[in-house]
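All remarks here apply to the structure that follows.
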Amino acid sequence: MSAAPALPHWEETPADLPGAIREVKAAIRARIAASGRSVEEVFAAVEERLAAEVEAVEAELKNGEQVWPEIDYADLAAGRIGADVVERLRRRGCLVVRGHFEREQALEWDRDIVRYVEGNRFFERYRGPGDDFFGSVGSRPEIYPIYWSPAQMQARQSDRMATVQAFLNRLWTYDSQGERWFDPDRDSLYPDRIRRRPEGADSGGLGTHLDPGTLDLWMTSAYQRAFRHLFDGSVERYDPWDAAFRTDGPQYPGTTMCSAFRTFQGWTALSDMDHDQGVLHTVPIPAAMAYLMLRPLLPDVPEDDMCGVTVNQVFPASERWHSLLLRALAGIPDVRAGDSVWWHCDMIHSVAPVRDQRGWGNVMYIPAAPWCPRNEHYAASVRAAFETGSSPSDFPEEHYERTWPDRFGPADLNATGRRGLGLPA
């Protein structure tokens, strides 16, 4: 075993993307070779592990079992989640929290959102999708670029939301190497949008993809350290729940990006939704990130290609390069208003298409984004957007709410909300 060579890195988007891809792929291959293993050997070890996980998911689906773990909010809040359930959550990386909010509370929030957007003449002023990605869903609109409604902010700063977020954050290893990478009990209130899909709608859905980043995952120094075990030949030590260095890394800018570190992505249901009505699917295997990161290094992939990953687009998961993983794609169960749905930030996910949808399909996107240096930095821009009613900087500059008099204001913040925006409690 020889000394591992350093990797080149680009903290901002490289001017010559094909050249940078070729350079970093060659360097990662050399670093793996220095461990005494080849890329092919390392990838084979990953593939063997993941094939077993895929087959387990396929068997559950074939037997009609529910792949997504489900827990009751009451049990979570009372500390009644057993070690066996926690182990299953970490294996699957996704869950449904039943009764996260009272059903009538969720339905009232849904009604409040309608009053908020209609009272401010949103539909007369709507200019169409602000980004190419959500524009693909096909309904007009399905994704509302609304961030500061009382309903959204009440849910973000609620005690019940904070309780679930802290539980999810603690599934991660957040203390290691002499550092605390994030505070599991404090969320940064990452603001996101609303989905309202009406009864009878046709929607094109969203294809299989990931959200943690794009080429920055291979090319920035913080992510190179976060994925160090994938890039130095010690893949057996890779842990998708290890937060080390994840809270430092930047993300290359684009119209679909996330400047914050999220332990889990999530949404809260504002309506009842059946499992076959255009719902969320995931590949419920957090460790699949190892396959996704190493696959571009194999010789069948062009030297200037990362299996289709590029900047200013989401990270695609495709049959061409990731067919093994996509065999495990599994949808959520039926959910009711007030349930919440969560999935590990690295996981492949999609939204199934639907025609003539039964019932409404309404959600508020609220993730778990614990307080850390990366999220504290983003919180400064969130505060400015909140104060002016602007779209947050991670999202297209649409700014519908700037003149809306009834948006949630600073006087409405509780202690949790103030802490989440980086304000004194």
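The values are calculated or read from the model by the stated rules, or taken from the named source; none is laboratory data. Here the structure is a predicted model, which is why all the values come from computation and not from measurement. Here the Cβ positions follow ideal geometry from the backbone for every residue, glycine too, while neighbour counts run over all protein chains shown. Remember, those area values only see protein heavy atoms, side chains included, never the ligands or the DNA or RNA. Shrake-Rupley method; radii C 1.70, N 1.55, O 1.52, S 1.80 Å.
Quick notes
- Simple Cβ-charge dipole of segment 281-338, Lys/Arg +1 and Asp/Glu -1, about Cα centre, in debye nearest 20: 320
- Taking label points 7 Å from Cα along the Cα-to-Cβ direction, THR163 and ALA78 give a separation of 1.1 nm.
- In plain terms, if you count all Cα to Cα distances in segment 281-415 and split them into 5 Å steps from zero, the share in each step is 2, 7, 12, 14, 15, 15, 15, 11, 6, 3, 1, 0 percent.
- Computed from the Kirkwood radius of its Cα pairs, the Stokes-Einstein diffusion coefficient for segment 170-251 at 4 °C and 1.567 mPa s stands at 82 µm²/s.
- Carbon/sulfur fraction of accessible area - segment 147-297, other protein chains in place, 1.4 Å, %: 44
- Remark: accessible surface ordering of ARG195, ARG358, ARG225 (largest first) is ARG358, ARG225, ARG195, probe radius 1.4 Å.
- Coarse-grained scattering of the chain at q = 0.11, 0.14 Å⁻¹, given as base-10 log I(q)/I(0) from a Debye sum over alpha-carbon atoms: -0.84, -1.39
- Positive-end extreme of charge dipole, segment 260-360 - chosen from PRO316, LEU326, HIS349 (charges on Cβ): HIS349
- Here segment 186-303 is treated with +1 on each Lys and Arg Cβ and -1 on each Asp and Glu Cβ, and its dipole about the Cα centre works out to around 360 debye.
- Rounded to the nearest 20 debye, the dipole size of segment 1-66 about its Cα centre is 400 debye, using +1 on the Cβ of Lys and Arg and -1 on the Cβ of Asp and Glu.
- Whole-number percent relative contact order across segment 1-135, with pairs defined as alpha carbons under 8 Å at least 6 apart: 16
- Rounded to whole numbers, the Karplus 3J(HN,Hα) couplings from phi for segment 286-294 are x, 5, 4, 4, 4, 4, 5, 7, 8 Hz, using 6.51 cos²θ - 1.76 cosθ + 1.60 with θ = phi - 60°, and x at Gly and Pro.
- Radius of gyration and Dmax over the Cα atoms of segment 1-96, both given in Å: 20.9, 54
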